[in-house]
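Worksheet: the structure to be examined is printed underneath.
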Amino acid sequence: MKDFARKLCVCAAAAGLASGAWAQSEFALKSQTLSNPDNEPAEVHPVPHERQMKWNETEFYAFFHYGMNTYTGREWGNGDEEETIFAPTAVPNPKQWLEAVKAAGMKGGIAVVKHHDGFCLWPTSSTTHNVTNGGNDFARNTNIPRDFAAAAKELDMKYGFYVSPWDRNSAHYGKDTYVKEVFLRQCAELAQYGTDQFEMWFDGANGGSGYYGGEGGTRSIDASTYYDIPNLRDSVHKVCPDCVMWGVGGEARWIGNEAGWAGETCWSMGTGTSGNENEWKWFPGESDAKATSAGWFWHSGETVLSTERLFQMYLETVGRNATLILNCPPDKSGSLPAATVQRLKELGGTLTQRLGTDLAPKATVTASEERTAGAARNYAAKNLTDGDKNTYWATNDGSVQATLTFEWPEVQTLRYVSLMEYIRKGQRIRAFRIETSQDGTNWTRQGGNIATTTVGYKRIIPLNGSTSASYGSGVKAKYLRIVIEDSKACPLLHTVSVY
Ligand code: FUL
């Protein structure tokens with residue numbers, strides 16, 4: 001298409017067309033068949049921005065709540081904590097955090113570098129309430145954003161920061177000066193530690209009581225206007241083009257609970273657990289959940305959730321068109337406790353064992369319909385198993401129902417099916433079902449009572465119908481079919497995996 005347009009451009013220039021005339025003729029050409037030589041389906045709006053695509057591909061990543069609260073035992077500090085209370089018992093070690101979560105299959109992490117109490121985990125010019133005034137040499141030499149970004153790069157992982165917009169320490173909070181002189185400055189300082197951040201976490205909590213530079217009392221703000229988000233978003237994107245602004249920033253949404261589940265129906269538009277297929281804005285869900293039994297910050301005596309429970313969370317978030325940001329709090333030494341490290345390793349093993357060996361590429365795949373191929377792109381069913389997220393299967397315009405059939409040379413033991421829509425052109429599928437057969441004639445519906453409605457970026461269906469029941473003995477099948485029953489427009493899937 002680009003070459004085609006370029007050639008036309010050269011002809012137009014040779015013919016001496018004025019640029020205004022050229023713009024008009026280009027506009028007219030777009031509605032002709034020649035402008036779509038690959039016969040690509042039209043987009044169904046809204047569609048994700050490129051940075052939201054990259055963010056979605058991160059799928060499963062960690063949250064690290066560490067800071068003043070680690071030493072006070074609080075969840076929300078008031079902002080009047082003495083800086084000297086922050087006193088790590090060893091050198092805080094973000095590399096150890098990231099190594100541990102990488103073993104669990106996570107692709108990145110977000111470090112809390114300022115929570116609501118306002119204490120900054122890097123030497124900042126925006127406030128004296130920071131590590132340089134901490135209680136020991138370990139504290140005074142701490143720079144979490146610097147070390148976290150460096151470790152992520154070394155481990156080839158994605159990274160980002162949680163910097164709380166609400167600041168219960170700052171005398172500026174609630175006044176005109178705060179956003180420009182404190183908050184934007186802090187965000188700019190953080191960008192100096194890396195411009196390839198994948199997400200900034202702007203928590204919505206705000207406006208209650210606090211220390212506020214000694215003035216005390218409460219502050220009431222309207223988050224939708226106070227933080228100057230459009231300006232902040234533009235400023236961040238100028239320096240960090242791939243950084244999705246979560247929450248208050250408006251580019252990815254809270255899934256509506258902190259318990260690690262998304263709706264079985266989950267649109268990347270709208271709000272809450274299920275979203276809304278008719279909303280105008282691409283607003284994909286992120287599920288923030290804790291891997292431990294107590295709070296977001298480390299607390300003495302807490303335990304780590306079981307591997308089965310964490311695997312269930314994974315199925316109910318990543319497997320339901322949301323991302324999962326799983327919190328693993330470092331303790332007073334500034335490292336993750338051994339029990340957490342061990343559990344993360346087990347989780348990684350479980351994910352590899354259950355979702356690590358894709359049987360789909362060994363099957364022959366056929367479709368009830370394949371969209372007519374274009375000059376340089378086809379929409380064949382075999383695109384579903386070629387391991388390439390940029391090739392996809394589609395039907396022709398107007399066909400919103402289709403059947404994809406997988407046939408193996410021998411009977412297989414199957415437990416999970418994973419579907420991925422080609423969401424660059426919008427989320428479409430509204431209803432589908434999965435069936436298996438041993439003889440190709442008698443079919444049994446799988447997935448129990450799970451609502452097989454939306455797919456989105458990724459949907460994983462446990463064939464036994466349960467995200468919590470034990471792994472089980474699986475379903476014996478030589479054939480598996482995915483019947484798409486309804487879609488907003490012709491369905492597009494880029495990958496189907498079977499485990
Ligand atoms: C919440 C905060 O208020 C909690 O302290 C925590 O940081 C959580 C992830 O988000 O809204």
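The values are calculated or read from the model by the stated rules, or taken from the named source; none is laboratory data. No experiment lies behind these values; they were computed from the predicted model shown. Ideal geometry is used to build each Cβ from the backbone, glycine not excepted, and the neighbour counts take in all protein chains shown. The area values use the complete protein model at the heavy-atom level, side chains included, leaving out ligands, DNA and RNA. Shrake-Rupley method; radii C 1.70, N 1.55, O 1.52, S 1.80 Å.
Data for the structure
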item	result
Two-site FRET efficiency, Trp280 against Ala373, from Cβ-Cβ distance with R₀ of 35 Å, rounded to 0.05	0.60
The chain shape via C-alpha gyration tensor axes, a/c threshold 1.5	oblate
Backbone HN-Hα couplings from phi across the range 267-273 [Karplus 6.51/-1.76/1.60, Hz, Gly and Pro as x]	8, 8, 10, x, 10, x, 5
Additional length obtainable on full extension of the chain from Ala469 to Ile85, 0.36 nm per residue less Cα span	133.8 nm
Cβ-Cβ FRET estimate between Arg445 and Asp156, R0 fixed at 51 Å, reported to 0.05	0.80
Dipole in debye (nearest 20) - the range 272-346, about Cα centre, beta carbon charges: Lys, Arg +1; Asp, Glu -1	200
Solvent accessible area, Å² - Asp38, 1.4 Å probe, full protein context	40
Within-11-Å neighbourhood charge of Gly118 [Cβ basis; K, R +1; D, E -1]	-3
Hydrodynamic radius (Kirkwood) for the range 255-378, which is based on Cα pairs only, to one decimal in Å	17.2
Cα-projected label distance for Val47 with Lys175, points at 7 Å along beta-carbon direction, nm	4.8
Separation in nanometres of the label points that stand 7 Å from Cα toward Cβ, at Thr218 and Thr366	6.8
Proximal lysines to Lys458, defined as alpha-carbon separation beneath 18 angstrom and excluding residues fewer than eight positions away on the same chain	Lys54, Lys107, Lys389, Lys425, Lys488
Cut-off 13 Å between beta-carbons: net charge of the residues surrounding Thr436, Lys and Arg +1, Asp and Glu -1	+3
Point-charge dipole on Cβ atoms (K/R +1, D/E -1) for the range 357-470, about Cα centre, debye to 20	500
On Cα atoms only, tilt of 2-14 relative to the major axis of the chain in degrees	80
Computed [θ] at 222 nm, helices only, for the chain once each DSSP H run of length n ≥ 4 contributes -39500 (n - 2.57)	-6500 deg cm²/dmol
Proximal charge balance of Phe297 [Cβ under 11 Å; K/R count +1, D/E count -1]	-1
Leading residue at positive end of dipole, the chain (Cβ point charges), from Pro491, Tyr479, Tyr178	Tyr479
The range 80-134 - Debye-derived log10 I(q)/I(0), Cα point model, q = 0.15, 0.24, 0.26, 0.29 Å⁻¹	-0.54, -0.97, -1.04, -1.16
Electrostatic dipole magnitude of the chain [Cβ: Lys, Arg +1; Asp, Glu -1; Cα centre; debye, to 20]	940
DSSP-defined beta bridges in the chain - what % are antiparallel, rounded to 5	60
Positive-end residue of Phe202, Ala360, Phe60, charge dipole of the chain with Cβ unit charges	Ala360
Of all accessible heavy-atom area on the chain, the percent that carbon and sulfur account for (1.4 Å)	50
Contact order normalised by residue count of the chain, Cα under 8 Å, 6+ apart, percent	16
³J(HN,Hα), Karplus 6.51/-1.76/1.60, whole Hz, each residue of the range 371-384, x for Gly, Pro	4, 4, 5, x, 4, 10, 8, 10, 10, 5, 4, 5, 4, 5
Under-5 Å amide H pairs with Thr292, H placed in peptide plane, nonlocal only	Leu305
Top positive-direction residue, dipole computed over the chain with Cβ charges, set Thr124, Ala42, Ser306	Ala42
Euclidean distance between Cα centres, the range 222-273 to the range 329-375, Å	25
Cα long-axis angle, helix 229-239 against the chain (0 to 90 degrees, to the nearest 10)	80
Residue-normalised accessible area of the chain, given per residue in Å² at a 1.4 Å probe	40
Relative contact order for the range 341-499, counting Cα pairs under 8 Å that sit 6 or more residues apart, in percent	34
